[in-house]
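Input: a single structure, listed below in structure tokens.
The values are calculated or read from the model by the stated rules, or taken from the named source; none is laboratory data. Since we're looking at a predicted model, the values are computed, not measured. Ideal geometry is used to build each Cβ from the backbone, glycine not excepted, and the neighbour counts take in all protein chains shown.
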Amino acid sequence: MKPQTKAILSSMAGNTLEFYDFYLYGTFAPLLAKIFFPTYDSTAALMASLMTFAAGYFMRPLGAILFGHLGDRLGRKQALTLSIFLMAIPTSLIGFLPTYDAVGIAAPIVLVLCRLLQSICAGGEYNGAAIFAIEHIGKGKEGFAGSLMSVSGGGGALLATFIGAFFMQSTMPHWSWRIPFLLGALLGGVGFYIRRQVHESPQFKKDVAKKPLNIPLSQALSKFPIAVLCCIGGAAFSGALSSTFAAYMNVYLTKVVGLELGSALSLNTFGLIVFVSCAPLAGMLADRFGLARVMTISTLGLMMSIYGIFNLASTGLTLNILLANFLLCAFAVGFIAPLNAFMNRLFPANSRYSGIAFGYGVGMATLGGTTPIIMTWLIDKTGLSMAPAFYLMSLGALGLLIIFVGSKITEPQKKLEFREQLVSAQ
């Protein structure tokens, strides 16, 4: 097996396992609301559970600083291997937690602490895996390599949804929700072993390893502040989209439409399959026609169709919900899949991990984790089941702004690289 292929497959495998661990909580949010946040007001209990989901994003910038620093100084491989090992610990702990009825307020407190630890580990995983893959594959296929991280991330969320749907069946024992979390420890060990077998990024060894920066994030913030802001905005929009179809739609279909949780999980699985299936195509189209062009068309398509998407879902009809999930994920993947390669071009190799991971972590903390809360609050306060559609529509404007500004940064860099290639050829 070629080193490039091995590196990409290891990045995908580890990323799948980390996303499984992280999104498993979102899958079980409605159930965990009942057993860890008991209250007479079901909306308040759900909000508390979703706030815990959001709390899992708030520590991502700290994880990004830690693993980004390690990745830019010691190597991408070292940072990624450590992150997947540590992620398995809090995930398995959730599976052992006693409920509120057993130990009282200690139960939700420890649950929040576990989510915070998960978040620190996740802060450098997704971006680090994408950087690792893109630096291995070389120029001309960055969009495709980056999209495979979306495939693996979506695959992790899909795995969490599939296993969640199985263990949420009414015929299962009441404690069966613990099993998927305990599996996280086993899967984490597998990912740790896989990561140990790959070679370091050739670009890191060539451009960074001999003379790494003392504080890579400091350079990213001081010399490339606009690039960092683009990563924040891109992650905010991307996070809002991914948390909508991977987590919030379960809440929407159960609390607003009135479906059983098992049915909602099964229907939303279809959308995740669409996302995973379309991500490589979006990456290849981005390599062929340009990252910004594919991302722009997808964002505009989403903005124009999002009201109809939620209108279809609100009917409660199976075919309409499947169509809604298809459209939501098909448009979302057109922005999310090329985003890794888009951000990769904004920084030099010596501060790339720190700059991207920090910006992405802040963006995810801002809107990625809070989107389910905001959507739930909007419906509760306005009484409009279409409120989430207007929210995503407004965020689409942010996505378009990021694409425009980021393209202005990367275009001069691409021209400079082209000149350097001409000089070296002569």
Go through segment 249-260 and give me each residue that's modelled with pLDDT under 90 and either closer than 18 Å to ASN311 by Cβ or not in a helix (DSSP H, G or I) (or both).
VAL251, LYS255, GLU260
Is there a residue in segment 99-109 that is among the aliphatic types (A, V, I, L, M), buried (at least 24 other Cβ atoms within 10 Å of the Cβ) and not in a loop (DSSP other than H, G, I, E, B)?
no
Regarding segment 280-287, can at least one residue be identified that is under 20 Å from GLY399 (Cα atoms), without any contact (Cβ under 8 Å) to a residue 60 or more places away in the chain and buried (at least 23 other Cβ atoms within 10 Å of the Cβ)?
no
From LEU384, LEU401, LEU302, LEU328, which residue is surrounded by fewer than 24 Cβ atoms within 10 Å (Cβ to Cβ) and either touching a Phe, Trp or Tyr at 6+ places or on another chain (Cβ under 9 Å) or without any contact (Cβ under 8 Å) to a residue 40 or more places away in the chain (or both)?
LEU384
Members of segment 265-303 that are over 21 Å from ALA133 (Cβ atoms) and among the charged types (D, E, K, R):
ARG293
Among residues belonging to segment 164-184 that are assigned to a helix (DSSP H, G or I), hydrophobic (A, V, I, L, M, F, W, C) and surrounded by fewer than 18 Cβ atoms within 10 Å (Cβ to Cβ), point out the one that is nearest to the chain's Cα centre (by Cα).
LEU182
Quick one: is VAL294 in a helix (DSSP H, G or I), under 19 Å from GLY156 (Cα atoms) and not aromatic (Phe, Trp, Tyr)?
no
Just to check your reading of the model, which residue among LEU74, LEU116 is under 19 Å from the mean Cα position of the chain (by Cα) and surrounded by fewer than 24 Cβ atoms within 10 Å (Cβ to Cβ)?
LEU116
Against the definition (among the small types (Gly, Ala, Ser) and in contact with an Asp or Glu (Cβ under 6 Å, 6 or more places away or on another chain)), how does GLY153 come out, yes or no?
no
Single unsatisfied condition, PHE358 versus (1) at pLDDT 95 or above; (2) surrounded by 24 or more Cβ atoms within 10 Å (Cβ to Cβ); (3) over 16 Å from the mean Cα position of the chain (by Cα)
(3)
Failed item, numbered, when ILE65 is tested on (1) at pLDDT below 90; (2) in contact with a Leu (Cβ under 8 Å, 6 or more places away or on another chain)
(1)
Residue within segment 198-219 that is closer than 30 Å to SER394 by Cβ, modelled with pLDDT of 85 or more and either in contact with a Cys (Cβ under 7 Å, 6 or more places away or on another chain) or crowded, with 17+ Cβ neighbours inside 10 Å (or both) present
no
Are any of the residues in segment 299-308 more than 23 Å from ALA160 (Cα to Cα) and not in a helix (DSSP H, G or I)?
no
Examine segment 232-246 for a residue that is in a helix (DSSP H, G or I), touching a helix residue (DSSP H, G or I) at 6+ places or on another chain (Cβ under 6 Å), crowded, with 20+ Cβ neighbours inside 10 Å and modelled with pLDDT under 85, and state whether such a residue exists.
yes
What number of residues in segment 203-221 are in contact (Cβ under 8 Å) with a residue 24 or more places away in the chain, small (Gly, Ala, Ser) and not in a loop (DSSP other than H, G, I, E, B)?
1
PHE335 - would you say it is under 26 Å from LYS139 (Cα atoms) and assigned to a helix (DSSP H, G or I)?
yes
Within segment 351-375, the count of residues that are in contact with a Phe, Trp or Tyr (Cβ under 7 Å, 6 or more places away or on another chain) and not hydrophobic (A, V, I, L, M, F, W, C) comes to 5
Which of the residues belonging to segment 274-291 are under 20 Å from the mean Cα position of the chain (by Cα) and under 12 Å from LEU339 (Cα atoms)?
ALA279, ALA282, GLY283, ALA286, LEU291
